[in-house]
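**Student:** Quick one: this structure, given as structure tokens, is what I'll be asking you about.
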Amino acid sequence: MYLELIALVLTVLYVYDYLRNRHHNRMYAEAGITGPRRYPLVGNAPMLLNESPKTVFDLQWRLIKEFGKNIQIQILGDRGFMTADPKMIEAIMSSQQTIQKNNLYGLLVNWLGDGLLLSTGKKWFRRRKVITPAFHFKILEDFVEVFDQQSATMAEKLYDRADGKTVINMFPVACLCAMDIIAETAMGVKINAQLQPDFPYVKSVKTASEMFADRLMNPLQRLDPTMRLFYPKLFAKLNRNVKAMQDFTNSVITERRDLLQKALADGSYDATAASLMEDVGQKRRMALLDVLLQSTIDGAPLTNEDIAEEVDTFMFEGHDTTTSSIAFTCYLLSRHPEVQARVFQEIRDVIGDDKSTPVDMKILGELKYLECVIKESLRLFPSVPIIGRHITEDTVLDGKLIPANSDVIILIYHAHRDPDFFPEPEKFIPERFSLERKGEINPFAYTPFSAGPRNCIGQKFAMLEMKSTVSKMLRHFELLPLGAEVKPVLNLILRSTTGINVGIKPRVY
């Protein structure tokens with residue numbers, strides 16, 4: 001009886017699965033997009049049994065080699081395709097119909113709410129419009145001062161390990177610096193992460209970021225109910241840290257809103273000044289939070305909850321991404337002394353030999369070769385190695401009719417290493433991005449900041465921060481090839497299972 005019942009249930013599930021996927025599979029076949037063998041109910045999930053975040057890049061390379069740059073996939077109930085094809089990437093990133101993120105981003109909802117990273121439709125468009133002024137060049141000019149000050153703190157704290165023998169993992173070093181930078185520029189507060197790494201907010205950001213990355217790779221942690229069931233202690237820990245971060249953000253927002261209301265009430269508020277006034281009468285640098293506090297949508301000011309979504313989003317997006325890029329750039333420079341020497345000479349030519357000379361936006365703009373180096377580093381090691389989108393209706397992309405309810409995974413890491421677009425793709429060649437070769441690179445084969453309407457709103461901010469921080473490192477230290485070689489691992493942000501290691505010794509000049 002029980003065997004017959006089980007057989008009946010399995011038969012019903014098999015028929016349901018076949019009928020549910022029949023239309024999808026037919027449309028992908030007509031579009032010429034194929035993939036590995038699919039099994040009833042579970043799709044391609046069995047191919048992941050022997051894989052891990054350490055091996056998934058190799059798996060994706062194998063799939064590209066066998067099926068081409070567009071690959072149909074189905075993991076349990078999630079159906080769609082992966083792509084490393086610049087033509088398809090262009091079609092996806094340029095379309096207003098494909099701006100919705102796929103369901104994996106839902107892991108971040110508890111922390112980030114429905115902010116710019118996760119929102120879609122009218123809400124996303126309105127928020128994007130409101131936040132754009134925060135990256136006006138006049139505000140970025142003020143931010144460069146923060147970049148310079150915090151990277152100076154980073155360099156100062158590294159001198160006790162600058163013996164030319166100690167292996168330094170640059171990821172945690174750059175992470176604390178980036179956290180100081182984004183807290184001051186997004187919220188207008190100093191959290192002193194580099195001086196006080198045990199500050200509760202700093203610890204909560206680090207802990208939550210690592211836990212969200214683990215959730216991405218563990219199917220039993222992806223949904224709150226299953227994580228609560230199978231990992232109750234981890235789930236409780238995650239929620240504690242998210243609450244701690246949100247409480248801190250909310251306290252800062254409340255304080256700054258009260259400050260703004262006071263300035264409006266006593267007549268000291270100046271709408272044209274790029275600052276709010278402190279109680280002591282000193283100007284405070286404009287932060288993202290100040291822009292949001294002074295913004296309206298349909299004539300109504302943003303609520304504290306609205307603002308918290310965006311501030312939390314920038315705290316998340318603005319520290320790990322630049323951390324990854326700064327760390328990998330230092331790593332590559334340590335392994336390519338001839339490139340490092342050329343960058344250092346450019347820095348001396350532009351800034352001079354006084355290590356304490358502050359940089360500004362104009363100076364950073366003159367570091368052209370350093371910018372090529374950072375761009376080539378982002379090609380080899382993009383901070384965000386994959387991007388997910390969801391297609392809600394039948395849509396023609398690159399001449400192919402893609403069915404509704406398709407999840408798309410854009411393989412940034414693999415597109416950046418495509419020999420059809422980057423000769424000798426595994427080699428570190430910053431000259432690819434020189435002015436003389438401008439126009440040679442397909443803009444959708446190289447998308448470290450995404451592209452199209454949903455591109456990274458903070459990419460100019462990020463490039464200035466990276467140039468400021470890396471140039472500060474090179475002004476103070478020679479980077480040496482110490483420690484294990486990197487082994488990239490798929491995560492929310494590109495990391496390495498072996499660390500991103502260098503050695504350093506003081507510059508003498």
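**Student:** Taking Arg26 as the residue in question, decide whether it is loosely packed, with under 11 Cβ neighbours inside 10 Å, over 25 Å from the mean Cα position of the chain (by Cα) and under 19 Å from Ile391 (Cβ atoms). Steps first, please.
**Tutor:** Values: loosely packed, with under 11 Cβ neighbours inside 10 Å: no; over 25 Å from the mean Cα position of the chain (by Cα): yes; under 19 Å from Ile391 (Cβ atoms): yes.
For Arg26, the condition - loosely packed, with under 11 Cβ neighbours inside 10 Å, over 25 Å from the mean Cα position of the chain (by Cα) and under 19 Å from Ile391 (Cβ atoms) - is not met.
**Student:** Where residues in segment 111-150 are over 18 Å from the mean Cα position of the chain (by Cα) and acidic (Asp, Glu), which of them is surrounded by the most Cβ atoms within 10 Å (Cβ to Cβ)?
**Tutor:** Residue satisfying both the conditions and the ranking: Asp148.
Yes/no per residue for (1) touching a strand residue (DSSP E or B) at 6+ places or on another chain (Cβ under 9 Å); (2) in a helix (DSSP H, G or I):
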| site | (1), (2) |
| --- | --- |
| Asn21 | yes, yes |
| His24 | yes, yes |
| Met27 | yes, yes |
| Arg37 | no, no |
| Asn50 | no, no |
| Pro53 | yes, no |
| Asp58 | no, yes |
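**Student:** Do any residues in segment 488-507 that are at positive phi and surrounded by 22 or more Cβ atoms within 10 Å (Cβ to Cβ) have Cβ atoms under 9 Å from those of residues that are at pLDDT 95 or above and not in a loop (DSSP other than H, G, I, E, B), where the two are at least six apart or on different chains, and which pairs are they?
**Tutor:** The qualifying pairs do not exist here.
**Student:** Return the residue satisfying two criteria in turn: it lies in segment 285-308 and is in contact (Cβ under 8 Å) with a residue 24 or more places away in the chain and touching a Ser or Thr at 6+ places or on another chain (Cβ under 8 Å), and of such residues it is nearest to Lys123 (Cα to Cα).
**Tutor:** Among residues in segment 285-308 that are in contact (Cβ under 8 Å) with a residue 24 or more places away in the chain and touching a Ser or Thr at 6+ places or on another chain (Cβ under 8 Å), the one nearest to Lys123 (Cα to Cα) is Leu302.
**Student:** Hey, among the residues in segment 60-80 that are out of contact with any Pro (no Cβ under 9 Å at 6 or more places or on another chain) and part of a loop (DSSP other than H, G, I, E, B), which one's nearest to Asp398 (Cα to Cα)?
**Tutor:** Filtering segment 60-80 for residues that are out of contact with any Pro (no Cβ under 9 Å at 6 or more places or on another chain) and part of a loop (DSSP other than H, G, I, E, B), the one nearest to Asp398 (Cα to Cα) comes out as Gly68.
**Student:** State which residue pairs qualify: first residue farther than 11 Å from Cys177 by Cβ and inside segment 128-157, second residue of a type in the set (Ser, Thr, Tyr) and not in a helix (DSSP H, G or I) in any location, beta carbons under 7 Å apart, and separation of 6 or more residues or different chains.
**Tutor:** If the second residue must be of a type in the set (Ser, Thr, Tyr) and not in a helix (DSSP H, G or I), the pairs left are Val130/Ser295.
Here is a yes/no grid of residues against (1) farther than 16 Å from His24 by Cβ; (2) at pLDDT below 95:
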site: Val42; (1), (2): no, yes
site: Glu51; (1), (2): yes, yes
site: Val56; (1), (2): yes, yes
site: Ile64; (1), (2): yes, no
site: Lys69; (1), (2): yes, no
site: Ile75; (1), (2): no, yes
site: Arg79; (1), (2): no, yes
site: Thr83; (1), (2): yes, no
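**Student:** Any residue in segment 411-425 that's within 19 Å of Arg389 (Cα to Cα): show its pairings with residues that are hydroxyl-bearing (Ser, Thr, Tyr) and modelled with pLDDT of 95 or more at Cβ separation under 7 Å, as long as the two are six or more apart or on different chains.
**Tutor:** Going by the 7 Å Cβ cut-off, the qualifying pairs are Leu411/Thr83; Ile412/Thr447; His416/Tyr446.
**Student:** Please go through segment 293-305 and give me each residue that is closer than 15 Å to Thr249 by Cα and touching a Pro at 6+ places or on another chain (Cβ under 9 Å), ordered by number.
**Tutor:** Across segment 293-305, the qualifying residue is only Leu293.
**Student:** Also: Consider segment 430-450. How many of its residues are surrounded by fewer than 18 Cβ atoms within 10 Å (Cβ to Cβ), touching a residue at least 40 places away in the same chain (Cβ under 8 Å) and of a type in the set (A, V, I, L, M, F, W, C)?
**Tutor:** Looking only at that region, the number is 1.
**Student:** Right, something else. If I ask for residues that are among the hydroxyl-bearing types (Ser, Thr, Tyr) and within 30 Å of Asn250 (Cα to Cα), which ones from segment 306-335 would you list? Before you say what the answer is, go through the steps one by one.
**Tutor:** Within segment 306-335, the subset among the hydroxyl-bearing types (Ser, Thr, Tyr) is 313, 321-325, 329, 331, 334.
Passing the criteria: Thr313, Thr321, Thr322, Thr323, Ser324, Ser325.
**Student:** Failed condition for Ser325, given (1) under 30 Å from Glu485 (Cα atoms); (2) over 27 Å from the mean Cα position of the chain (by Cα), with all others met?
**Tutor:** Looking at each condition in turn, Ser325 falls short on (2).
**Student:** Continuing with this model, one more query. I'd like the residue in segment 85-110 that is surrounded by 18 or more Cβ atoms within 10 Å (Cβ to Cβ) and of a type in the set (D, E, K, R) and, out of all such residues, is modelled with the lowest pLDDT.
**Tutor:** Looking at residues that are surrounded by 18 or more Cβ atoms within 10 Å (Cβ to Cβ) and of a type in the set (D, E, K, R), I get Lys101.
**Student:** Exactly one condition in (1) touching a helix residue (DSSP H, G or I) at 6+ places or on another chain (Cβ under 8 Å); (2) surrounded by fewer than 17 Cβ atoms within 10 Å (Cβ to Cβ); (3) at pLDDT 95 or above; (4) not β-branched (Val, Ile, Thr) is not met by Lys165; state its number.
**Tutor:** Condition (1) is where Lys165 drops out.
**Student:** While we're looking at this one, here's another question. Given the criteria among the aromatic types (Phe, Trp, Tyr), touching a strand residue (DSSP E or B) at 6+ places or on another chain (Cβ under 6 Å) and more than 25 Å from Pro86 (Cβ to Cβ), does Phe461 qualify? Steps first, answer last, please.
**Tutor:** Numbers: among the aromatic types (Phe, Trp, Tyr): yes; touching a strand residue (DSSP E or B) at 6+ places or on another chain (Cβ under 6 Å): no; more than 25 Å from Pro86 (Cβ to Cβ): yes.
No: the conditions fail for Phe461.
**Student:** Looking only at residues in segment 39-48 that are crowded, with 17+ Cβ neighbours inside 10 Å and either of a type in the set (Ser, Thr, Tyr) or not in a loop (DSSP other than H, G, I, E, B) (or both), which one is farthest from the chain's Cα centre (by Cα)?
**Tutor:** Gly43
**Student:** A follow-up question, please. Anything in segment 431-447 that is in a loop (DSSP other than H, G, I, E, B) and modelled with pLDDT of 95 or more? List them, or say none.
**Tutor:** Pass one, segment 431-447, residues in a loop (DSSP other than H, G, I, E, B): 434, 438-447.
Selection gives Phe444, Ala445, Tyr446, Thr447.
**Student:** Right, here's the next one. With the condition kept exactly as written, say whether any residue in segment 214-234 is surrounded by 14 or more Cβ atoms within 10 Å (Cβ to Cβ), over 26 Å from Lys54 (Cα atoms) and in contact (Cβ under 8 Å) with a residue 12 or more places away in the chain.
**Tutor:** No: segment 214-234 contains no residue that is surrounded by 14 or more Cβ atoms within 10 Å (Cβ to Cβ), over 26 Å from Lys54 (Cα atoms) and in contact (Cβ under 8 Å) with a residue 12 or more places away in the chain.
**Student:** Considering segment 244-271 alone, what residues qualify as being under 19 Å from Ser295 (Cβ atoms), of a type in the set (A, V, I, L, M) and modelled with pLDDT of 90 or more?
**Tutor:** Matches in segment 244-271: Val252, Ile253.
The values are calculated or read from the model by the stated rules, or taken from the named source; none is laboratory data. Because the structure is a prediction, the values reported are computed rather than measured. Cβ sites come from the backbone with ideal geometry, for glycine too, and all protein chains shown count toward neighbours.
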